[in-house]
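Here is the structure we will look at, set down as structure tokens.
The values are calculated or read from the model by the stated rules, or taken from the named source; none is laboratory data. Bear in mind that the values here come from a model prediction, so they are computed numbers and not experimental data. For neighbour counting, all protein chains shown are included, and Cβ atoms are generated from backbone atoms with ideal geometry for every residue, glycine included.
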Amino acid sequence: MAKVVTARIKYIYLDVVGFTHNRTVEAQVDIVSVLNDIVKGSLLTSFPELDVIYIPIGDGICICLLDSKIYDDYIIIAEAILEMKAEYNRIAKQSLQFQVRIGINENVDNIGTDINGNRNVCGAGVNEAQRIMSFGDSNHILVGRSVADSLIPREKYSEAFCRYSTKTKHDTSIEIYQYIGGVVADLNRHPPRAFAPPPEKALTEYAAYYISTLLRNREFIEKKIEEDPFLIYQLAVQMAYLAEDSLGHSKETKFIPYDNRMPETPNNTLQEQFEFFSHLPWSVALDVHETKVASKIYKPYPDCFEARPSGACIMVLEKGEQKLKNEWPELYKEFNTRE
């Protein structure tokens, strides 16, 4: 068994963004050659005395700094790479221009030998450096927590990072910090798309009809909740049936009429309908609420409704009303008598 050599290693892991997209094989080879020159040039310019292992990764490079004594050398090198790459892009033809993303990490890892007899590294540090980089977009510099913990206490870097918390594909929690400091013009200081909030889900037609039904009958709903809060699920189910019928009638034609889902009562008033549903066993009302309301309306749009201890989705918040108004303006006007 080979002797294990360990060292505190700093990693600068980078690759070319969109490496194969609309590029010939010859262009890819040229870009890798240019990237190699830029990486070596950044080291020679900034820290020629450093002990370095270069690990090629196809469309990028992992720079391994061994036993470095300069506390922020990885940031300085990463900035130099962005600057040299920007200078190259200004004079290169379009097919040979490229962008990179950079992930930085440090850890005590093992040093070994690869199949070609060259020095290599293995351990958690290099693996995490790749994961950190993978969250970045063009010209981002992202660092791991160990790097941030080392740099943020320094005055130069005290306000130079934005923190994000996420999970890897293996459901492992990881903290990532985006470098936004310095004066490098080519540095991407916009948040990574991986951490952008998901776009707000638009109301489905059924959800819109349900919200509009609640708004139209708000006074009746409030009165019934005050009279007997334990019948709130039955009340929500009544509103769901009303919403379904309103939606169904909006789509009926002369040749395809719609049959109401709402059970018939003598005069089909809200009060009579409520009395019908109030006789549903609580467990049945809860199951119907889960099927018709919770799964289809509350879970996709929880911030549109008032949070209640019972979990019943029955009172619309201002955000829900505004969302209906913005996304379904005609429906809002039709059913909201306050418009």
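Quick notes on this one:
- Number of residues in region 66-114 that are under 16 Å from GLY125 (Cβ atoms) and acidic (Asp, Glu) equals 4.
- Against the list (1) in contact with a Pro (Cβ under 7 Å, 6 or more places away or on another chain); (2) under 21 Å from TYR71 (Cα atoms), the condition ILE141 fails is (1).
- Among the conditions (1) in contact (Cβ under 8 Å) with a residue 40 or more places away in the chain; (2) within 26 Å of PRO191 (Cβ to Cβ); (3) surrounded by fewer than 21 Cβ atoms within 10 Å (Cβ to Cβ), ASN89 misses just one, which is (1).
- Selected residue (criterion: farthest from the chain's Cα centre (by Cα)) from residues of region 272-295 that are small (Gly, Ala, Ser) and surrounded by 14 or more Cβ atoms within 10 Å (Cβ to Cβ): SER278
- Selection status of ARG193, surrounded by fewer than 12 Cβ atoms within 10 Å (Cβ to Cβ) and in contact (Cβ under 8 Å) with a residue 24 or more places away in the chain: yes
- Residues in region 113-127 that are part of a strand (DSSP E or B) and surrounded by fewer than 15 Cβ atoms within 10 Å (Cβ to Cβ): THR113, CYS122.
- Qualifying residue in region 165-176 (condition: charged (D, E, K, R) and assigned to a strand (DSSP E or B)): yes
- Positions within region 111-138 being farther than 18 Å from ILE77 by Cα and touching a Pro at 6+ places or on another chain (Cβ under 7 Å), in sequence order: PHE135, ASP137
- Residue in region 276-283 that is in a helix (DSSP H, G or I) and among the hydroxyl-bearing types (Ser, Thr, Tyr) present: yes
- Check on ILE9, in contact with a helix residue (DSSP H, G or I) (Cβ under 7 Å, 6 or more places away or on another chain), of a type outside the set (Asp, Glu), buried (at least 18 other Cβ atoms within 10 Å of the Cβ) and closer than 21 Å to GLY123 by Cα: yes
- Residue within region 296-313 that is more than 27 Å from the chain's Cα centre (by Cα), at pLDDT 90 or above, part of a helix (DSSP H, G or I) and in the same structural domain as GLN238 (by TED's automatic domain parsing) present: no
- Of all residues in region 54-67, those satisfying the criterion of being crowded, with 18+ Cβ neighbours inside 10 Å and not acidic (Asp, Glu) are GLY60, ILE61, CYS62, ILE63, CYS64, LEU65.
- Lone qualifier among SER250, SER212 - being hydroxyl-bearing (Ser, Thr, Tyr), closer than 21 Å to LEU324 by Cβ, surrounded by fewer than 15 Cβ atoms within 10 Å (Cβ to Cβ) and not assigned by TED's automatic domain parsing to the domain that holds ARG163: SER250
- Region 28-46 residues that are surrounded by fewer than 13 Cβ atoms within 10 Å (Cβ to Cβ), paired with ones that are assigned to a helix (DSSP H, G or I) (beta carbon under 9 Å, 6 or more apart): ASP37/MET84; ASP37/TYR88
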